[in-house]
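A.B. asks: Next up is a structure, given as structure tokens.
The values are calculated or read from the model by the stated rules, or taken from the named source; none is laboratory data. None of these values were measured; they are calculated from a predicted model. Ideal geometry is used to build each Cβ from the backbone, glycine not excepted, and the neighbour counts take in all protein chains shown.
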Amino acid sequence: MEFTRNKTLEKLKYDLVRDNLIKYEDLETAEQVAKAQNINVGQVLINSGIIQEEKLLKFLESKLHIPYVNLEDYSLDKKCLSYINFNNAQKYKVIPLFEIEGILTVAMSDPLDLFAIDKIVEDAKCEIEPVISSESAVIKKIEEYYHSTSSVGQIFIDDNQPKYDWRNELHSEDLSDEHIQKLIRSILKQAISEDIHELFLEHIPNGLSVNFKKNSQIYSTGEIPSILVSSFIARLKVLSNLDPTVSELPQLGKLCFKVDSIPLIASISAFPTIHGERIAIKIYKPPKTLKETGLNEKQIAIIKNSMNTAGIIVVCGTGLSGKTHMVYSILLDTATDKKNVMTIESITKYDLTNVNQCELNENIGFNLDKAMRFIEFQSPDILYFEGINTKEGLDYFTSLVLKDKIVITEFMAENIADLMKKMSLPEFAMFKSLLNCLIFIHSKDSIEVFDKNALEKYFA
């Protein structure tokens, strides 16, 4: 299977080296990663921090003499959506902006894809004027304008098609990397099509059981035969930047993949058991803005106001309720270049603008304890921790707030009553007094937001 290419970058990649924007060695490495993860080399260069996205886009603008348009706050003419259908917009990563005197201006991540332009001209039946935009921005606008705001990050499956089954890709006689990689992607595609965010691979006598988790229940969707297991696990580890030769120690990695052209991130956790490694996969969809999460204006105002005063913002809910997704929405909406916003995460789910995201790495000794001891030297204004429930961790939160920091974290609770019971413990006394805002996610359609005054009454 040929890896995803960007024809514009393929043509100009060596110019990046000649213009001293990247090193040749970095380009070679990025091309290898791009092929392994089936993404284009530009995404790898940006995700790896080798070059900033805006700098890359400005470079393309200067080389191609095609304007660069920042779509972040851009409002396009909705009447132009009829020129390009959703499937082609998604397939070619292109979105119409406006039409003047029979010329349709479209934003593209790959303006040298002549096949895509020909197809768009054929559909639109008018002259096309391309401009350059970032791939992620184009995809976000496609999701925003072609579907309702509640569908951002949704994977679109044709209801008229038969239910997707990853086992259709199962050919036990094929041990090639290409087939194994296709098998991995088909499992992930079925998970997304069934709105599954957590799945497990477990050793059984005849192979590897592929288990999905939904509504707290785990069920098997099929088995990978023994002959494929070693190749499957090794390939999954390589794609997730894990060591395929290590099976006796826990490992945590990150996998980037696409379903229906929507880029997704998954954490890959390999853990040794007496029957072999158990692999847990958690899939994270792209973050939404706060408005797109379904919050009303009053709730959004409470959250934004709480980001202006030293204190703690805690997002609560059950496992897989969307706590991390909500935190990313808060950071996506409120982080600016005027504040030093930092995160400490086991894995970073998506790159966020104006946020310094830190990824733990136990392999080199960069653990949570070390991150907590050294991060204050970076003078952060706002800090996000995935969740610390120890007495020492709660005390650390307190110390940060007393130093005029804003702390965002997550807390597990089944419901409000369960939350009240847990926070009635003595070690939470100071923590509760420093809460600026509490967000409780009951479900994707039911979210409560409490400000400081409401919390004081709750915890009185």
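A.B. asks: Can you tell me which residue in region 116-155 is modelled with the highest pLDDT, limited to those that are in a loop (DSSP other than H, G, I, E, B) and within 21 Å of residue 329 (Cβ to Cβ)?
C.D. replies: First, the residues of region 116-155 that are in a loop (DSSP other than H, G, I, E, B): 125-126, 133-134, 147-148, 152-155.
Checking which are within 21 Å of residue 329 (Cβ to Cβ) leaves us with 134, 147-148, 152-155.
Details: 134: 84, 147: 57, 148: 40, 152: 36, 153: 39, 154: 42, 155: 42.
Across region 116-155, the extreme among qualifying residues is 134.
A.B. asks: When you go through 234, 270 one by one, which is the residue that is of a type in the set (A, V, I, L, M), over 24 Å from residue 214 (Cβ atoms) and touching a helix residue (DSSP H, G or I) at 6+ places or on another chain (Cβ under 9 Å)?
C.D. replies: Details: 270 fails: over 24 Å from residue 214 (Cβ atoms).
The conditions single out 234.
A.B. asks: If you go through region 60-82 one residue at a time, how many are in a helix (DSSP H, G or I), touching a residue at least 40 places away in the same chain (Cβ under 8 Å) and surrounded by fewer than 18 Cβ atoms within 10 Å (Cβ to Cβ)?
C.D. replies: As a first pass, look at region 60-82 and keep what is in a helix (DSSP H, G or I): 60-64, 78-82.
Add one more test, that the residue is touching a residue at least 40 places away in the same chain (Cβ under 8 Å), and what stays is 60-61, 63-64, 78, 81.
If we keep only those that are surrounded by fewer than 18 Cβ atoms within 10 Å (Cβ to Cβ) too, we end up with 61, 63-64, 78, 81.
Result for region 60-82: 5.
A.B. asks: I would also like to ask the following. What's the number of the only condition in (1) outside the structural domain of residue 196 (by TED's automatic domain parsing); (2) part of a helix (DSSP H, G or I); (3) crowded, with 17+ Cβ neighbours inside 10 Å that residue 295 fails to meet?
C.D. replies: Failing condition for residue 295: (2).
A.B. asks: Can you tell me which residues in region 298-319 are surrounded by 15 or more Cβ atoms within 10 Å (Cβ to Cβ) and closer than 25 Å to residue 137 by Cα? Steps first, please.
C.D. replies: Our first condition is that a residue be surrounded by 15 or more Cβ atoms within 10 Å (Cβ to Cβ); within region 298-319, this holds for 299-300, 302-303, 306-307, 310-318.
300, 303, listed by residue number.
A.B. asks: Here is a follow-up. One residue is enough: does region 64-85 have a residue meeting the conditions within 30 Å of residue 182 (Cα to Cα) and either in contact with a strand residue (DSSP E or B) (Cβ under 8 Å, 6 or more places away or on another chain) or not aromatic (Phe, Trp, Tyr) (or both)? Steps first, please.
C.D. replies: Kept after step one, since they are within 30 Å of residue 182 (Cα to Cα), are these residues of region 64-85: 84-85.
Retained after the next criterion (residues that are either in contact with a strand residue (DSSP E or B) (Cβ under 8 Å, 6 or more places away or on another chain) or not aromatic (Phe, Trp, Tyr) (or both)): 84-85.
Taking every residue of region 64-85 in turn, at least one turns out to be within 30 Å of residue 182 (Cα to Cα) and either in contact with a strand residue (DSSP E or B) (Cβ under 8 Å, 6 or more places away or on another chain) or not aromatic (Phe, Trp, Tyr) (or both).
A.B. asks: Would it be correct to say that residue 369 is out of contact with any strand residue (DSSP E or B) (no Cβ under 6 Å at 6 or more places or on another chain), outside the structural domain of residue 215 (by TED's automatic domain parsing), closer than 29 Å to residue 415 by Cα and acidic (Asp, Glu)?
C.D. replies: Values: out of contact with any strand residue (DSSP E or B) (no Cβ under 6 Å at 6 or more places or on another chain): yes; outside the structural domain of residue 215 (by TED's automatic domain parsing): yes; closer than 29 Å to residue 415 by Cα: no; acidic (Asp, Glu): yes.
Judged against the criteria, residue 369 is not a match.
A.B. asks: Quick one: which residue in 336, 324 is farther than 30 Å from residue 247 by Cα and modelled with pLDDT under 95? Break it down stepwise before answering.
C.D. replies: Values: 324 fails: farther than 30 Å from residue 247 by Cα.
Only one candidate qualifies: 336.
A.B. asks: So which residues in region 171-198 are modelled with pLDDT of 85 or more and of a type in the set (A, V, I, L, M, F, W, C)?
C.D. replies: 180, 183, 184, 187, 188, 191, 192, 196
A.B. asks: Moving on. Quick check: is even one residue across region 418-440 assigned by TED's automatic domain parsing to the domain that holds residue 371, β-branched (Val, Ile, Thr) and either over 21 Å from residue 321 (Cα atoms) or surrounded by 20 or more Cβ atoms within 10 Å (Cβ to Cβ) (or both)? Walk me through how you get there before you give the answer.
C.D. replies: Here is the first cut: in region 418-440, the ones assigned by TED's automatic domain parsing to the domain that holds residue 371 are 418-440.
From the residues that got through so far, the ones that are β-branched (Val, Ile, Thr) too are 439.
Filter once more, so that each one left must be either over 21 Å from residue 321 (Cα atoms) or surrounded by 20 or more Cβ atoms within 10 Å (Cβ to Cβ) (or both): 439.
Yes, region 418-440 contains a residue that is assigned by TED's automatic domain parsing to the domain that holds residue 371, β-branched (Val, Ile, Thr) and either over 21 Å from residue 321 (Cα atoms) or surrounded by 20 or more Cβ atoms within 10 Å (Cβ to Cβ) (or both).
A.B. asks: Another question about this same structure. Just wondering, is there one or more residues in region 285-292 that are part of a strand (DSSP E or B), surrounded by fewer than 17 Cβ atoms within 10 Å (Cβ to Cβ) and not small (Gly, Ala, Ser)? Give the steps one after another, and end with the answer.
C.D. replies: Going residue by residue through region 285-292, those that are part of a strand (DSSP E or B) are none.
There is no residue in region 285-292 that is part of a strand (DSSP E or B), surrounded by fewer than 17 Cβ atoms within 10 Å (Cβ to Cβ) and not small (Gly, Ala, Ser).
A.B. asks: Name every residue in region 41-55 that is without any contact (Cβ under 8 Å) to a residue 40 or more places away in the chain and buried (at least 17 other Cβ atoms within 10 Å of the Cβ), in order of residue number.
C.D. replies: The answer is 41, 44, 45, 50, 51.
A.B. asks: Determine, yes or no, whether residue 282 is charged (D, E, K, R), outside any loop (DSSP other than H, G, I, E, B) and under 23 Å from residue 347 (Cβ atoms). Before you say what the answer is, go through the steps one by one.
C.D. replies: Numbers: charged (D, E, K, R): yes; outside any loop (DSSP other than H, G, I, E, B): yes; under 23 Å from residue 347 (Cβ atoms): yes.
The answer is yes for residue 282.
A.B. asks: Would you check if residue 459 is buried (at least 19 other Cβ atoms within 10 Å of the Cβ) and either in contact with a strand residue (DSSP E or B) (Cβ under 9 Å, 6 or more places away or on another chain) or closer than 14 Å to residue 326 by Cβ (or both)? Talk me through it step by step, then tell me what you get.
C.D. replies: Details: buried (at least 19 other Cβ atoms within 10 Å of the Cβ): no; either in contact with a strand residue (DSSP E or B) (Cβ under 9 Å, 6 or more places away or on another chain) or closer than 14 Å to residue 326 by Cβ (or both): yes.
It is false that residue 459 is buried (at least 19 other Cβ atoms within 10 Å of the Cβ) and either in contact with a strand residue (DSSP E or B) (Cβ under 9 Å, 6 or more places away or on another chain) or closer than 14 Å to residue 326 by Cβ (or both).
A.B. asks: Do we find a residue being out of contact with any strand residue (DSSP E or B) (no Cβ under 7 Å at 6 or more places or on another chain), surrounded by fewer than 16 Cβ atoms within 10 Å (Cβ to Cβ) and not polar (S, T, N, Q) anywhere in region 320-332?
C.D. replies: no
A.B. asks: Under 8 Å by Cβ, and 6 or more places apart or on different chains, what pairs join a residue from region 209-225 that is over 19 Å from residue 171 (Cα atoms) and in contact (Cβ under 8 Å) with a residue 24 or more places away in the chain with one that is of a type in the set (D, E, K, R) and surrounded by 15 or more Cβ atoms within 10 Å (Cβ to Cβ)?
C.D. replies: 213/198
A.B. asks: On the basis of being more than 19 Å from residue 186 (Cβ to Cβ), assigned by TED's automatic domain parsing to the domain that holds residue 198, of a type in the set (Val, Ile, Thr) and in contact (Cβ under 8 Å) with a residue 40 or more places away in the chain, does residue 273 make the cut? Reasoning before the result, please.
C.D. replies: On the way: more than 19 Å from residue 186 (Cβ to Cβ): yes; assigned by TED's automatic domain parsing to the domain that holds residue 198: yes; of a type in the set (Val, Ile, Thr): yes; in contact (Cβ under 8 Å) with a residue 40 or more places away in the chain: yes.
Spelling it out, residue 273 is indeed more than 19 Å from residue 186 (Cβ to Cβ), assigned by TED's automatic domain parsing to the domain that holds residue 198, of a type in the set (Val, Ile, Thr) and in contact (Cβ under 8 Å) with a residue 40 or more places away in the chain.
A.B. asks: Could you list, in sequence order, all residues of region 186-195 that are in contact with a helix residue (DSSP H, G or I) (Cβ under 9 Å, 6 or more places away or on another chain) and surrounded by fewer than 19 Cβ atoms within 10 Å (Cβ to Cβ)? Let's see the steps before the verdict.
C.D. replies: If we filter region 186-195 for residues that are in contact with a helix residue (DSSP H, G or I) (Cβ under 9 Å, 6 or more places away or on another chain), which is where we start, we get 186-191.
Listed by number, the list holds a single entry, 186.
A.B. asks: Among 233, 224, 268, which is assigned to a helix (DSSP H, G or I), hydrophobic (A, V, I, L, M, F, W, C) and modelled with pLDDT of 90 or more?
C.D. replies: Result: 233 is the single residue among 233, 224, 268 that is assigned to a helix (DSSP H, G or I), hydrophobic (A, V, I, L, M, F, W, C) and modelled with pLDDT of 90 or more.
A.B. asks: A further question follows. Cβ-Cβ distance below 6 Å, separation of 6 or more or different chains: which pairs start in region 182-201 with a residue that is under 10 Å from residue 283 (Cβ atoms) and in the same structural domain as residue 217 (by TED's automatic domain parsing) and end on one that is of a type outside the set (D, E, K, R) and assigned to a helix (DSSP H, G or I)?
C.D. replies: Here the result reads 199/191, each pair linking region 182-201 to a residue that is of a type outside the set (D, E, K, R) and assigned to a helix (DSSP H, G or I).
A.B. asks: Right, next: Among the residues of region 236-265 satisfying the criterion of being more than 23 Å from the chain's Cα centre (by Cα) and either polar (S, T, N, Q) or assigned to a strand (DSSP E or B) (or both), which is surrounded by the most Cβ atoms within 10 Å (Cβ to Cβ)? First the steps, then the outcome.
C.D. replies: Step one: filter region 236-265 for residues more than 23 Å from the chain's Cα centre (by Cα), giving 244-249.
Within this subset, residues satisfying the condition of being either polar (S, T, N, Q) or assigned to a strand (DSSP E or B) (or both) are 245, 247.
Working: 245: 7, 247: 14.
Looking at the filtered set, the residue picked out is 247.
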